[in-house]
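Chemist: Let me begin by handing over the structure; questions about it come next.
Values quoted throughout were computed directly from the atomic coordinates according to the rules given, and no laboratory measurement underlies them. Note that the coordinates shown come from a computational prediction; the quantities given were computed from them, not determined experimentally. No Cβ is skipped: glycine too gets one built from the backbone with ideal geometry, and neighbour counts run over all protein chains shown.
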Amino acid sequence: MLLQGKESGALQECHFLFRSDSCGEVLSEKALSDGEILWLARMGLALLVSHKETDNCLFLYDEPDVHLNESWNVEFISCLEKMVWQEENRSSHCFWIATHSSLLLTDALPDQVFLFEKSGKSVKARKVPISLFAAGRQEISRSVFHKDAQLGVFAEQKVAEMLQEDDPEKLQQYIDTLGPGISRIKLRERYYGKIKG
């Protein structure tokens with residue numbers, strides 16, 4: 001509300017100061033990243049409505065994962081659950097989260113996931129054919145987003161070029177540049193094939 005007051009011109013200035021448990025230093029909102037500010041705002045609102053006198057709140061989160069790092073995405077649903085769905089205060093709050101994050105979807109129970117698809121001028125909602133709860137991210141990408149890619153297009157093209165190399169010394173240099181995974185295994189197979197042949 002304070003930020004809305006500032007934006008409307010009713011307040012001239014509005015600042016927030018934060019202190020974490022791990023650090024005694026007081027931080028202003030300018031010291032925080034976009035992701036940190038959004039995390040605090042979302043979790044702060046969830047915490048505010050966790051009190052007994054507040055009920056029936058609707059939260060609409062549009063791709064909350066976009067500004068968050070991976071570790072925060074891993075904890076996002078768990079943190080909401082801890083703050084809002086406490087055993088002594090079972091609330092009837094509703095959270096609608098629009099996401100393309102396969103990581104967030106691993107925390108969604110089967111009856112909590114809807115796939116919205118545009119069909120002509122209308123939008124249709126349907127259930128996803130498989131449970132996404134605790135599913136592998138690759139399976140979620142394949143089933144929900146119809147993507148089976150394990151690599152970005154640039155990396156995939158470069159690895160394809162590397163696999164055409166015949167010089168074992170160059171192949172070893174390529175292997176040293178690759179991270180763990182199937183591409184590295186394929187390149188090593190090529191390397192060992194060339195040094196034996």
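Chemist: With Cα Rg over 2.2 N^0.38 Å in mind, check (i) 0.93; (ii) 2.79; (iii) 1.45 and report the label derived from this structure.
Modeler: Answer label, from the structure shown: (iii).
Chemist: Order these by the 10 Å Cβ neighbour count, fewest first: 72, 96.
Modeler: Result, fewest neighbours first: 96, 72.
Chemist: Using the number of other C-beta atoms within 10 angstrom as an exposure proxy, rank 121, 170, 158 with the fewest first.
Modeler: 121, 170, 158
Chemist: Okay, next question. So what is the relative contact order for region 2-150, in percent, with contacts set as C-alpha pairs under 8 Å and at least six apart?
Modeler: 16
Chemist: Longer than 25 Å from Cα to Cα, which of 82/147; 6/30; 6/82; 147/170; 118/158 are they? Say none if no pair is.
Modeler: From 82/147; 6/30; 6/82; 147/170; 118/158, over 25 Å: 82/147; 6/82; 147/170; 118/158.
Chemist: A further question follows. In a GNM of the chain with a 10 Å cut-off on Cα contacts, which of 12, 112, 164 has the highest mean-square fluctuation?
Modeler: 12
Chemist: Based on DSSP H runs of at least 4 residues, each adding -39500 (n - 2.57), what is the mean residue ellipticity at 222 nm of the chain after dividing by all its residues, to the nearest 500 deg cm²/dmol?
Modeler: My calculation for the chain gives -12500 deg cm²/dmol from helical runs alone.
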